[in-house]
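J.: This structure is in structure tokens; I'll ask about it shortly.
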Amino acid sequence: MIVLLAAAAVFALDVYAVVLVLLRAAVYRVHLYRPMLVNLGLSFVPVPLSLVAGFGFLLFVHYRSHPLESASVLEGVLAVMALALPTCAWLLMFPNSVYLITELNFSHRVENTPVPLWYDIVQTLALTLSGIANAILSLAPLQMFVIIGQQNGNQVTVESWVFSGVVILLGAVGVYLGRYLRFNSWDVRHPVSMARKLPSHLRERGKGLEALGFVITHATLVALLYVPLFLFAWGSLVAAGL
């Protein structure tokens with residue numbers, strides 16, 4: 001029940017953000033800023049992917065725990081693929097959720113816009129919070145699956161925190177790559193191009209330090225929001241006997 005309520009709250013926040021973006025164009029007769037809607041849609045994609053990856057993880061753990069129960073090599077390969085493919089897809093899409101933090105630069109506002117500043121503040125804040133909420137909603141189930149897969153009772157394991165910490169850190173790196181080098185999740189198809197642009201960018205004066213500061217501050221913000229919410233959700237599930 002707790003999980004369903006949390007998911008419903010996040011979905012409501014997503015819808016609210018979409019409504020505000022649409023109303024901005026309709027009420028104030030300005031151009032609809034479609035990139036916000038696209039970014040919001042992309043920020044939600046990791047949520048269903050995390051569920052698929054989680055079940056793939058449990059399937060892999062089951063196979064690993066029972067390797068002699070007439071499991072064929074093909075079944076083993078399928079178990080690995082069931083874990084690896086959705087997990088990689090989820091990890092590639094995860095930065096799209098926390099990326100919405102960067103919308104707070106108000107780049108969509110133009111000079112002499114009829115839209116009041118207060119409206120854009122609420123709209124953009126709702127958009128940002130929805131992205132962070134999507135990130136938390138997609139990461140928390142996977143950390144729970146990691147805990148369950150370790151068969152360590154109701155204890156939140158160090159390994160699960162390491163997993164979440166690495167994901168949050170990689171998410172911040174992805175946001176930096178998206179904002180400053182304009183990389184998208186699907187640019188992984190062109191690793192050579194990425195390998196050329198990134199070193200060249202970081203060699204520019206001050207860029208390396210800026211990148212480090214960006215990643216640390218963004219990752220810390222997400223972690224400070226994620227940790228207490230995850231502990232509350234996990235504690236509620238344990239108390240409910242789930």
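J.: Measure nothing fancy, just the Cα-based angle from helix 73-93's long axis to the longest principal axis of the chain, in degrees from 0 to 90, nearest 10.
T.: For 73-93 against the chain, the angle is about 20 degrees.
J.: How many percent of the accessible area of the chain is carbon or sulfur, using a 1.4 Å probe?
T.: Accessible surface attributable to carbon and sulfur in the chain totals 72 percent.
J.: Starting from the Cα-Cα distance between Lys197 and Leu224, subtract it from 0.36 nm times their residue separation and give me the gain in nm to one decimal.
T.: Taking Lys197 through Leu224 to full extension adds about 6.6 nm, to one decimal.
J.: Here's another thing I want to ask about it. Might you work out the accessible area of Ser185 for me, using a 1.4 Å probe with all protein chains in place, and round it to the nearest 10 Å²?
T.: Roll a 1.4 Å probe over it and Ser185 shows about 20 Å².
J.: Please report the Cα spread of the range 145-242 along all three principal axes, rounded to whole Å, starting with the longest.
T.: 53, 27, 18
J.: Calculate how steeply helix 158-180 sits against the longest principal axis of the alpha-carbon atoms of the chain, using the helix alpha-carbon long axis, and give the answer as 0 to 90 degrees to the nearest 10.
T.: Its long axis makes an angle of about 30 degrees.
J.: Moving on. What share of Cα pairs, in percent, lie more than 13 angstrom apart in the range 4-51?
T.: Above the 13 Å cut-off, the range 4-51 has 61 percent of its Cα pairs.
J.: Right, here's the next one. P(r) of the range 88-170 in 10 Å steps, Cα pairs, percent per bin?
T.: Result, from short to long distances: 16, 36, 24, 15, 7, 2 percent.
J.: Zone of Val3 (label point 7 Å along Cα→Cβ, backbone N under 14 Å): which residues in the range 214-242?
T.: It comes to 233-242, nothing else.
J.: Say each of Val52 and Met81 gets a label point 7 Å from the Cα, pointing the same way as Cα to Cβ; how far apart are those two points in nm?
T.: Taking the two extended label points, one gets 1.4 nm.
J.: Relative contact order for the range 88-142: what is it in percent, counting Cα pairs under 8 Å that are at least 6 residues apart?
T.: Result for the range 88-142 is 53 percent.
J.: Can you give the accessible area per residue of the range 94-242, in Å², using a 1.4 Å probe?
T.: It amounts to 53 Å² per residue over the range 94-242.
J.: Taking a quarter of the surface of the convex hull around the Cα atoms of the range 82-125, what do you get in nm²?
T.: That works out to 3.9 nm².
J.: In square angstrom, rounded to the nearest 10, how much accessible surface does Arg182 have for a 1.4 Å probe?
T.: 140
J.: Report P(r) for the chain: all Cα-Cα distances, bin width 10 Å, range 0 to the bin holding the largest distance, values in whole percent.
T.: Percent of pairs per bin, in order: 7, 27, 31, 23, 10, 2, 0, 0.
J.: Helix 117-149 versus the longest principal axis of the chain: what angle, 0 to 90°, nearest 10, using Cα atoms?
T.: The two axes meet at around 10 degrees.
J.: Report P(r) for the range 89-227: all Cα-Cα distances, bin width 5 Å, range 0 to the bin holding the largest distance, values in whole percent.
T.: It works out to 2, 9, 16, 18, 17, 15, 11, 7, 3, 1, 1, 0, in whole percents.
The values are calculated or read from the model by the stated rules, or taken from the named source; none is laboratory data. The structure presented is a predicted model; accordingly, all values stated were derived computationally and were not measured. Please note: Cβ atoms are built from the backbone with ideal geometry, for glycine as well, and neighbour counts cover all protein chains shown. When the accessible area is computed, the model is the full protein with side chains, heavy atoms only, and any ligands, DNA or RNA have been set aside. Shrake-Rupley method; radii C 1.70, N 1.55, O 1.52, S 1.80 Å.
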